[in-house]
Amino acid sequence: MSISNKELIEKFYGAFQKLDYSTMHSCYAKDVVFNDPVLGILQNGEPQAMWEMLCKRATDFSLVYDNIILLDEEYATCNWTATYLFGPQKRKVINHIKAHLKIKAGLIIEHTDYFNLYKWSKQALGVPGILFGWTSWMQNKIKKQALVGLQTFIAQKK
């Protein structure tokens with residue numbers, strides 16, 4: 001018995017609320033493609049590793065999701081908000097995200113998250129984010145550090 005697309009999305013974000021990356025992984029096709037403003041396009045197991053890393057490193061984390069819209073039999077969107085502490089200064093971040101999902105055969109095959117990177121950087125980085133978070137230089141620095149962090153996490157798992 002397969003679950004509906006709405007049930008799949010609820011299962012994914014319900015697991016994320018509990019930082020249960022194993023259940024999150026079970027909602028993804030093995031060859032899922034993920035995209036967001038920080039990490040760009042992830043594939044070949046990188047999306048699964050990203051969720052595991054985020055779940056394992058989460059500090060004072062909470063998540064709410066709502067507004068699941070099934071656009072057709074394949075595409076859906078939803079909103080989710082993550083609240084957590086970031087970095088050594090433990091700055092509080094409230095990140096509002098719009099997810100775009102493509103679902104096939106009961107699994108998520110494409111997942112794109114959109115959020116405003118400048119708004120995120122102002123919260124996560126403090127004064128440097130406020131002053132420079134809007135610049136391509138700072139945004140590229142954020143992206144590079146995030147990718148290095150993910151690749152290091154993946155390498156340590158091997």
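Rule-based calculations on the coordinates, nothing more; no lab input. Only a predicted model underlies this, so the values are computations on that prediction, with no experimental measurement involved. Here Cβ is always computed from backbone atoms with ideal geometry, including for glycine, and neighbour counts include all displayed protein chains.
Cβ-Cβ distance of LEU85 and LYS11, R₀ of 22 Å, FRET efficiency by 1/(1 + (r/R0)^6): the value works out to about 0.25. In this Cβ point-charge picture (+1 for Lys and Arg, -1 for Asp and Glu), the chain has a dipole of about 820 debye about its Cα centre. For the chain, the longest principal axis of the C-alpha atoms and the axis of helix 136-157 are separated by about 60°. Taken over the Cα atoms of region 99-158, the convex hull encloses 112 Å³ per residue.
Bridging of LYS141 to aspartates and glutamates at a Cα separation below 16 Å is possible for ASP36, once same-chain residues fewer than 8 apart are set aside.
Pick the calculated Kirkwood radius over Cα pairs in Å for this structure from (1) 17.6; (2) 16.2; (3) 14.6? Matching entry in (1) 17.6; (2) 16.2; (3) 14.6: (2).
Here r is the Cβ-Cβ distance between ASN140 and LYS30 and R0 is 35 Å; the resulting FRET efficiency, rounded to 0.05, is 0.70. Close amide-amide hydrogen proximity is noted between TYR28 and ILE108, each under 5 Å apart and 5 or more residues distant or on a separate chain (H modeled in the peptide plane; Pro and chain starts excluded). With the simple model of a label 7 Å out from the Cα in the direction of the Cβ, ARG57 to ASN44 spans 2.1 nm.
With contacts taken as Cα pairs under 8 Å and at least 6 residues apart, the chain reaches a relative contact order of 21 percent. When the chain is described by a simple charge dipole with +1 on each Lys and Arg Cβ and -1 on each Asp and Glu Cβ, the residue from GLY129, LEU150, THR83 located farthest towards its positive end is GLY129.
Shape call for region 1-90 from the C-alpha gyration tensor, a ≥ b ≥ c root eigenvalues: rounded (a/c under 1.5), prolate (a/b greater than b/c) or oblate? Judged from the Cα gyration tensor, region 1-90 comes out prolate (a/c at least 1.5, a/b above b/c). At a threshold of 8 angstrom on Cα-Cα distance, excluding pairs fewer than six apart, so keeping six or more, what relative contact order does region 79-158 reach in percent? Result for region 79-158 is 19 percent.
Against the main long axis of the alpha-carbon atoms of the chain, helix 5-17 sits at an angle near 40°. Partners of LYS102 within straight-line reach, counting lysines whose Cα lies under 17 Å from its Cα and excluding those fewer than 8 residues away in the same chain: LYS6, LYS11, LYS30. Taking label positions 7 Å along the Cα-Cβ direction at both ILE130 and ILE154, the computed distance is 3.6 nm, reported to one decimal. Note on LEU19/LYS119: beta-carbon distance plugged into 1/(1 + (r/R0)^6) with R0 of 25 Å gives a FRET efficiency of 0.60. Couplings 3J(HN,Hα) for region 85-99, derived from phi with the Karplus relation 6.51 cos²θ - 1.76 cosθ + 1.60 (θ = phi - 60°), are 9, 10, x, x, 7, 6, 6, 6, 10, 10, 10, 8, 10, 10, 9 Hz, where x marks Gly and Pro. Using alpha carbons only, how many angstrom separate the centre of region 99-149 from the centre of region 1-79? Centre-to-centre (Cα) distance: 15 Å.
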